[in-house]
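Written out below as structure tokens is the structure these notes cover.
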Amino acid sequence: MMEISRNHKEEALIALCGLCGLRISEAIALQVSDVNVQDLTLMIRGKGDKERIVPISPRAWSHMNMALVDAFGLPDGRLCPWENRAARAVVTRLGRKASLTRSIASHDLRATFATEALSRTNDLRAVQEVLGHESVTTTQIYTLIEMNKMRNVVDW
């Protein structure tokens, strides 16, 4: 039986953007020292050098823990050691490899996370905090899909 090889760094990149809601720039800047293994949280430096704490779900942790192990001892300790364009290319390539119906960009993962988080919690303010948005107005962009679902309920 052939064992499938896993790329822990790629897996971590997808988990950080798609399961934690990080921007690609935040994911590639993440270092070992930014991960609190005891509390399962991430210290994120977002836009404008603003810091926020983001919880790591068990599902996300299962996809990123080996990248953390791999990053120990590296000079910069980064979990996802790509520059911005290369990281974006990884996401697009993995989307093609997964035979998705359309081309996927890194921000699609963050948008999907936000939409799903909002759908599950109905807590716009909490989603705003996790995403690191300055204004709730920015977060409300992700309610469009929910509004479309509601419209389908009344437009029959």
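Quick note: the coordinates plus some simple rules give every number you see, no bench work behind them. Only a predicted model underlies this, so the values are computations on that prediction, with no experimental measurement involved. All Cβ positions, glycine included, derive from the backbone under ideal geometry; neighbour counts span all protein chains shown.
Provide the net charge surrounding I28, with neighbours chosen by a C-beta distance below 11 Å and charges set as Lys +1, Arg +1, Asp -1, Glu -1. Mind dumping the intermediate values first?
Working: positive: K9, R23, R78, R85, R88; negative: E26, D76, E83.
So the environment of I28 carries a net charge of +2.
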Going 7 Å from the Cα of N84 in the Cα-to-Cβ direction, what parts of segment 25-57 have a backbone nitrogen less than 15 Å from that spot?
-> 25-30, 46-49
Answer rounded, prolate or oblate for segment 1-129, using the Cα gyration tensor with square roots of eigenvalues a ≥ b ≥ c: rounded when a/c is under 1.5, else prolate when a/b is larger than b/c, else oblate.
-> rounded
Set of aspartates and glutamates near K9 by C-alpha distance (under 15 Å), chain-local residues within fewer than 8 positions excluded | E26, D70, D76, E83
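What does the charge count near V136 come to, summing +1 for each Lys or Arg and -1 for each Asp or Glu among other residues with Cβ under 14 Å from its Cβ?
Details: positive: R125; negative: D123, E129, E134.
Every neighbour counted, the sum reads -2.
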